[in-house]
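Worksheet: one structure, shown below.
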Amino acid sequence: MLFSRWGAFAYRFRRPIVLVTVVFAIASAVVGAGVTSALSAGGWVDPTSESAGVSTRLATEFGAGRGSLVVLFEGQPGTDARSPGAQQAIGASLARLAADSRVEDLVGFAQTGDDRFVSDDLRSAYVVVRLTITDEQSVDEMDALRGLIDPPAGMTYKLAGVGPFTRDQAHQSEKELIQAETVSAPFVLLILLAVFASVVAAGLPLLVAALTIPTALGGIFLVAQVTDLSIYVQNVATMLGLALAIDYSLFMVSRFREELRRGRTVAEAVERTVATSGKAVAFSGLAVAIGLSGLLLFRPTALRSFGIGGSLVVASSVFFALTFLPAVLGMLGPRVNALSLGGLFGVIRRRLGRPATAATERRSRWAAVAHLVMARPFAFLVPTLIFLLVAGTPFLRLSQGIPNASTLPPGLESRDAAVALATDFKPGETTPITILATVDGDPTSPANIGRIGQLAAAVDAIDGIDRVEGPFNGLRDPQTGAPLSADQLATFFAAPGNQLPAELAAARDQLRNAYLRGATVRLDAISPIDAVSPAGTALIPRIRATVVDGVTTQVGGLAAEGADFMTSQATTIPYAVGVTLLASALILYLLFGSVVIPAKAVVMTLLSITASFGALVWIFQDGNLSNVLGFTSPGFTIAGNPIIMFSVLFGLSMDYEVLLLSRIQEAYRRTGDNTASVAEGLSRTAGVITGAALIMVTVFSAFALAESITIKSIGVGMAIAVLIDATIIRVLLVPATMRLMGRWNWWAPGPLGRLADRLGFSHVEEGEAGEIGDVTVPVPAADASAGLARP
């Protein structure tokens, strides 16, 4: 058997394996030390979408592809930011910055006289600094650019934009990462000590996690050199790495100690541990990786990056669980139980009046629970299903929005500046919806000016649009004050420069430069609705549905990027979910040789995930428990979080499924008794699953302390899902459904059954004595065959 042979190999070469894997982890940690700087705050744009095309055209045709920086100035109460004194102070503050080679020009009240650059209370004003470098390049230049801004007299300033937001997001991500690790580590150690009652055994899962996470981050750093990865990948990688590495180690160490108690030699115990729990870990890791790989089907790089980063974490967890851990166990042998706390727990048990065989009693109690559920399967099955379905109903009103600076905690400069720009100034001025309208021929001909005017009027009439700006509106006859007609505008744009007053000729050139390129006219639709909110993105389909004969349009801007992200996500989700479900079912079929088990596992996992999704909407979208969890609901669920959670949770739930069913299958192969096998499997794994679940819930809950709503909601949602999965699903639904299905649990059609038997992944050692509860029973002769008994 493959895994048995690998276990023997790991024991034989245990010292070289430990040395090589530790050196590899240290080297990876060195490589991954700068991972934060390699990650991006963006990635929420579908690169194949219409809005991405508009962004590209603005960059190549309109020269708007370089980066920008927003400097927000705030004066003392009573300050008029439009006054010459205030503007002079702002100009002096930005003088050195304006002269830098990385800056193209400044645009603000001083340059335009436009009140949009001044706040409603007149105290504040902002200046847009247009850069000669891209937003991505500006991230590394932020300290240098900030150093060129001199504090203005009588005013304070804050920076907003992609560069400051990315820097703040990176710092916040690191802070929350350290906080989560610091909070969760002591609780995880206590749980491990309670499970193993040995300091050495409890320390091994933590040691494996300490090797896994740096290795995964090193891989993430290398991948980030060739593709964009989200800044939040390191949070999810750490969250997932802690949970998986500790869980897998928990399974392996528990089985190793069990094999030693059965009287096996250290070599035999290592080999048997890898052949059983090691196999379960490998298939579980494959299931988790498959769940995460569904994210690779999405076009926005932020979603894809979670699939890439998560898969690297899974690979690292499985790698160290199947190499370093069995090698260390082989070196420790019985010393894995060293520094036992059994004496302490024995004193506690005696004080509580309990005998020293509490571990056996716990197994008996779990077996009793299984028998109780299987005695009345419908009495447990129906209420449980009703509860899970009702808990998931809030998900039916899911409303998603794109994360922006407002999802960061108050006190961060870029967040506070962005919120001030959105609330203290005329809404929507900094996030226009851009429309590129292309006509046949000269866009400044009377006919085409009329068509563009008709388009602008139609968009302006849409509910939620404040006004539409372009090259042809706002121009008036100096004598009558009436708006210029299409013929007058055509004459104005066609007039030779020397026939117009210098001031008017310069204004026309500015209009051409800002709004006209070839046969294309740029229009900016200003909406007071938050661009990233569901209401803001809902405007985009209505604008795109506006049709004028002779004009083709493309719509871009922040709201359009959000709408295109939602469309892209909705289009891809069925494929991502389908691939995940089918691939996971295939893995379970190969492992258990049954077509019933995979179908049942998929349904149960979907039930637990649905309940957690309902909690996600109820808490973070509706704002319930906001005081307890310390957040302000944006009124929507962060876009992308549900599918990220689905991909992670679907794989994680397979951990428990594989571990539990593996032990049930071992017992069933020995006895052929479905009820007794379920009871034995539950009694032998319930303690480990409970400990693993508590560890996962602890790790995920630690991330619930994050101030960023994106990470907080993922942490809370996954903690709830794991709790449901390890309790309601494994303790109630699995025994009930397995009792109802009986021997059909292990059924597969003839050819599929023979294929599974031939592959041998579900095969266990023949001729072995087994245990049911505390009674040793011989292996029935009928079970000596290679295949499972078929109904």
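The values are calculated or read from the model by the stated rules, or taken from the named source; none is laboratory data. Quick caveat: nothing in here was measured; it's all calculated off a predicted structure. No Cβ is skipped: glycine too gets one built from the backbone with ideal geometry, and neighbour counts run over all protein chains shown. To get the accessible areas, we keep the full protein, side chains included, count just its heavy atoms, and leave off ligands, DNA and RNA. Shrake-Rupley method; radii C 1.70, N 1.55, O 1.52, S 1.80 Å.
A few comments on the model shown:
- Residue list for segment 426-463, filter: open to solvent by 20 Å² or more (accessible area, probe 1.4 Å), hydroxyl-bearing (Ser, Thr, Tyr) and in contact with a Leu (Cβ under 9 Å, 6 or more places away or on another chain): 430, 431
- For segment 472-506, a residue qualifies if it is assigned to a helix (DSSP H, G or I), free of Cβ contacts under 8 Å to residues at least 24 places away in the same chain and either closer than 29 Å to residue 53 by Cα or among the hydroxyl-bearing types (Ser, Thr, Tyr) (or both), and exactly one does: 491.
- Count of segment 614-650 residues which are farther than 22 Å from residue 402 by Cβ and surrounded by fewer than 20 Cβ atoms within 10 Å (Cβ to Cβ): 5
- Any hit, segment 314-332, residues being part of a helix (DSSP H, G or I), in contact (Cβ under 8 Å) with a residue 24 or more places away in the chain, within 24 Å of residue 703 (Cα to Cα) and open to solvent by 30 Å² or more (accessible area, probe 1.4 Å): yes
- Boolean, residue 200 is of a type in the set (Val, Ile, Thr) and surrounded by 23 or more Cβ atoms within 10 Å (Cβ to Cβ): no
- Pairs linking a residue in segment 739-754 that is touching a residue at least 12 places away in the same chain (Cβ under 8 Å) to a residue that is in a loop (DSSP other than H, G, I, E, B) and among the charged types (D, E, K, R), with Cβ atoms under 7 Å and 6 or more positions apart or on different chains, are 747/790; 753/790.
- Scope segment 146-164; condition open to solvent by 40 Å² or more (accessible area, probe 1.4 Å) and under 20 Å from residue 418 (Cα atoms); matching residues: 146, 151, 156, 157, 158, 162
- Residue 212 being over 22 Å from residue 686 (Cβ atoms), touching a Ser or Thr at 6+ places or on another chain (Cβ under 9 Å) and of a type outside the set (A, V, I, L, M): yes
- Taking the conditions (1) within 33 Å of the chain's Cα centre (by Cα); (2) assigned to a helix (DSSP H, G or I) in turn, residue 299 satisfies each one other than (2).
- Some residue of segment 511-518 being open to solvent by less than 30 Å² (accessible area, probe 1.4 Å), closer than 30 Å to residue 633 by Cα and in contact with a strand residue (DSSP E or B) (Cβ under 8 Å, 6 or more places away or on another chain): no
- Only one entry of 611, 585 meets the criterion of being touching a Pro at 6+ places or on another chain (Cβ under 7 Å), of a type outside the set (Ser, Thr, Tyr) and part of a helix (DSSP H, G or I), and that entry is 585.
- Of everything in segment 222-272 that is open to solvent by 40 Å² or more (accessible area, probe 1.4 Å) and of a type in the set (Asp, Glu), the residue that is farthest from the chain's Cα centre (by Cα) is 268.
- Output for segment 281-293, where each listed residue is open to solvent by 10 Å² or more (accessible area, probe 1.4 Å), of a type in the set (A, V, I, L, M) and closer than 14 Å to residue 251 by Cα: 282
- Where helices (runs of 4 or more DSSP H) fall wholly inside segment 698-759, the ranges with 3 or more residues that are under 34 Å from the mean Cα position of the chain (by Cα) and closer than 28 Å to residue 680 by Cβ are 709-724, 734-741.
- Residue satisfying all of: in segment 276-292; out of contact with any Phe, Trp or Tyr (no Cβ under 6 Å at 6 or more places or on another chain) and of a type in the set (S, T, N, Q); modelled with the lowest pLDDT among these: 284
- For segment 296-306, filtering for residues that are buried (at least 22 other Cβ atoms within 10 Å of the Cβ) and modelled with pLDDT under 90 leaves 5.
- Residues that are assigned to a helix (DSSP H, G or I), over 19 Å from residue 231 (Cα atoms) and among the hydrophobic types (A, V, I, L, M, F, W, C) within segment 136-181 comprise 144, 145, listed in sequence order.
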